[in-house]
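Working notes for the structure below.
The values are calculated or read from the model by the stated rules, or taken from the named source; none is laboratory data. It should be emphasised that the depicted structure is a prediction, and the values quoted were computed from it without experimental measurement. All Cβ positions, even for glycine, are placed from backbone atoms using ideal geometry, and neighbour counts span all protein chains on display.
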Amino acid sequence: MTITNHTHPIDPVRVAHARDRLPTPEATTRLTGLLSMMADPVRLRLIYALDVTEELCVGDLALALDVSEDSVSYALRLLRTAGLLVTRKEGRVVYNRLADDFPKPLRDHCLRQLIALTYAPAEDEDAQHHDHAEHSDHDRSAHDRAKKSSTGPKDQTGHEHQHYDQT
């Protein structure tokens, strides 16, 4: 890693503190790979379905997710290539399941918690919307006051130019 010289003062204690706690580049590469695999609705639902059922074949996954078998097959191929899934063949049927080394903390703390958040009661959303609306009204009125009290840019003769806000 190259350390650059900065022309501005730095806090070496805080820099060392941050450096000591950062994940390695390899760890962040793996994490971003995992998260990108989960950033697709079909793949995320597949992972969740396999987490709660252990293993399913393509057709059963398609039925469970209410998507085409082609969509499921494509998503499974990407997840297998990423090492997140393994297969087991029984006769002509291929069963898919999460790999044994699928990060358990990712399943326990991220996937399940994020899914649980999607089922939050509507009243919580109403309260959040109300809070957001109050903040928006406050921000909007502060913005309007700032617009009224500020003067626009002036040209070389000192005349103020009309400024149109795009909001």
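Quick look at the numbers
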{"item": "Evaluation of D101 against (1) surrounded by 10 or more Cβ atoms within 10 Å (Cβ to Cβ); (2) outside any helix (DSSP H, G or I) (one fails), failing number", "result": "(1)"}
{"item": "Checking G83 against (1) modelled with pLDDT under 90; (2) small (G, A, S); (3) exposed (fewer than 13 other Cβ atoms within 10 Å of the Cβ), the condition it does not meet", "result": "(3)"}
{"item": "Segment 41-62, residues that are loosely packed, with under 13 Cβ neighbours inside 10 Å and assigned to a helix (DSSP H, G or I)", "result": "P41, V52, T53, G59"}
{"item": "Members of segment 31-40 that are surrounded by 15 or more Cβ atoms within 10 Å (Cβ to Cβ) and either over 14 Å from R77 (Cα atoms) or of a type in the set (S, T, Y) (or both)", "result": "L34"}
{"item": "Checklist (1) of a type outside the set (D, E, K, R); (2) in a helix (DSSP H, G or I); (3) under 14 Å from I47 (Cβ atoms) applied to G83, failing item", "result": "(2)"}
{"item": "Subset tally (residues that are among the β-branched types (V, I, T) and part of a helix (DSSP H, G or I)) for segment 63-80", "result": "1"}
